[in-house]
Amino acid sequence: MLPKKIYDRKIKLNFENTLITGPKGVGKTFLIFNFLKTFKGTYEYYDFSDYREKQFKFDADLIIFDNFDFSIEIPDKITFITSNENINLENFKKIELRPLDFEEFYAFEKLSSPTHAFDKFLKFGNFAKNAFVEDYFKEEYLKETFELLPYNKEILKFFFSHIGEKLTLYQIFQILKKRIKISKDSFYKTTNELIKNKIIYEVEKFNAPKSPKKFFAYNFAFKDILTNKKNLLHKFENMIFLELNEKKIYYKDTLNFYLPQKEMGILVMPFANEDAIIEKLDKVTDVKKIEVITISNEIEIKHKNFEVEVIPFWQWRFAE
């Protein structure tokens, strides 16, 4: 039975073999439910996270394998498959689904004010289910999702708690081995899985691959349930990173993000004033444009070497 409320995502499914991958909570199942709202044929839905015995028929036009574990052979029918692991399947269109971006969140929440939507987005994060959960329970849902992620919790906690910080994997391992019993091989294996499955993202320093990297979480709100050390800048930076639809993203000493294809830099300055912005801009070179993303400030600044735009986050997103 379909949920009563299902909202549109930017990504749409077609009637073809489709593999949808992404971490827990990004909305893979709801994407399928969205397709089923207007699907005229018949379908069979099987959830492989449900341990109850299943009776497979495969008589319908569409077969849906949610949380598929590959315990049975894929039928010779049009099939939708979801997986928390970033895998590939021959003859299947692949969609790597991410959590809601801010525009989708705004549409899901149906709020009249973009600034109110931003406040909720920053506080509660980007999971699709948030639209169907009362605010009081959203933090609890975040905690439940964290507990269900099938990885070493101390490693997860470290990465989610230190988003936006510049660290090497060697440094992280040295810190963790003082806290928990863990081998180097186990740490690197888990970290590679987290990156492969888009639980965390790593951002290199431009033209310096051996330098410390920045790590970001697939949901920036995890940080607040795991540590009392608040850092609005890093959380805001993680939020902006997830909005960037670029394959190659780096950082520089003078820039939070650098997009070489566009010769563009991004400065993340939540409560920027003109003097602080100009001070940072004067240290930047080799770009054609700088976007300064703030929480609420919009300032007109001219610079002799490149174009500058100072813009609040919500306006920056809606301007795309």
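Grab the beta carbon distance between K37 and I74, set R0 = 35 Å, and tell me the FRET efficiency rounded to 0.05. FRET efficiency, K37 to I74: 0.90. Within the range 251-265, whose backbone N sits under 18 Å from a point 7 Å along Cα→Cβ of Q171? Counting only backbone N, you get 251-257.
What's the angle, to the nearest 10 degrees (0 to 90), between helix 114-124's Cα axis and the longest principal axis of the chain? It is inclined by approximately 70 degrees. As an exercise, identify the trypsin sites (Lys or Arg not before Pro) in the range 128-178 lying in DSSP coil whose Cβ has no more than 10 other Cβ atoms within 10 Å. Filter output for the range 128-178: K178.
A Cβ-based charge dipole, computed about the Cα centre of the range 18-96 with Lys and Arg at +1 and Asp and Glu at -1, lands at about 340 debye. Taking every protein chain into account, the accessible area of the range 1-63 amounts to 61 square angstrom per residue (probe 1.4 Å). Rounded to the nearest 5, the antiparallel percentage of DSSP beta bridges internal to the chain is 30%.
Ordering T254, H116, Y218 by the projection of their Cα atoms onto the charge dipole of the chain, which places +1 on the Cβ of Lys and Arg and -1 on the Cβ of Asp and Glu, puts T254 at the extreme positive end.
Distance cut-off 28 Å, Cα to Cα: go down the list K28/K189; K153/K262; K28/K178 and report the pairs above it. The pairs that break the limit, which is 28 Å between Cα atoms, are K153/K262; K28/K178.
Applying both filters, DSSP loop and at most 11 other Cβ atoms within 10 Å, to the trypsin sites (Lys or Arg not before Pro) of the range 198-235 gives K210, K229, K230.
Put simply, the range 257-320 fits an ellipsoid with semi-axes of 17, 15, 9 Å; these come from the alpha carbon gyration tensor as the roots of five times its eigenvalues, largest first. Relative to the longest principal axis of the Cα atoms of the chain, the long axis of helix 232-243 makes an angle of roughly 60 degrees. For the chain, the relative contact order works out to 13 percent when only alpha carbon pairs closer than 8 Å and six or more residues apart are counted.
What is the helix-to-structure angle for 135-148, meaning the angle in degrees between its Cα long axis and the longest Cα principal axis of the chain, kept from 0 to 90 and rounded to the nearest 10? Rounded to the nearest ten degrees, it is 70. Among the listed pairs K205/K302; K94/K138; K10/K198; K37/K129; K37/K120; K198/K248, those with a Cα-Cα distance over 23 Å are K205/K302; K94/K138; K37/K120.
Selection among F318, I266, I63 by position relative to the dipole of the chain gives I266 as farthest towards the positive end (Cβ unit charges, Cα centre). Once you have a ≥ b ≥ c as the square roots of the Cα gyration tensor eigenvalues for the range 18-96, tell me rounded if a/c is under 1.5, and otherwise prolate or oblate according to whether a/b is larger than b/c. Rounded.
The values are calculated or read from the model by the stated rules, or taken from the named source; none is laboratory data. No experiment lies behind these values; they were computed from the predicted model shown. When we count neighbours, we look across all protein chains shown, and the Cβ atoms used for this are built from the backbone with ideal geometry, even at glycine. Remember, those area values only see protein heavy atoms, side chains included, never the ligands or the DNA or RNA. Shrake-Rupley method; radii C 1.70, N 1.55, O 1.52, S 1.80 Å.
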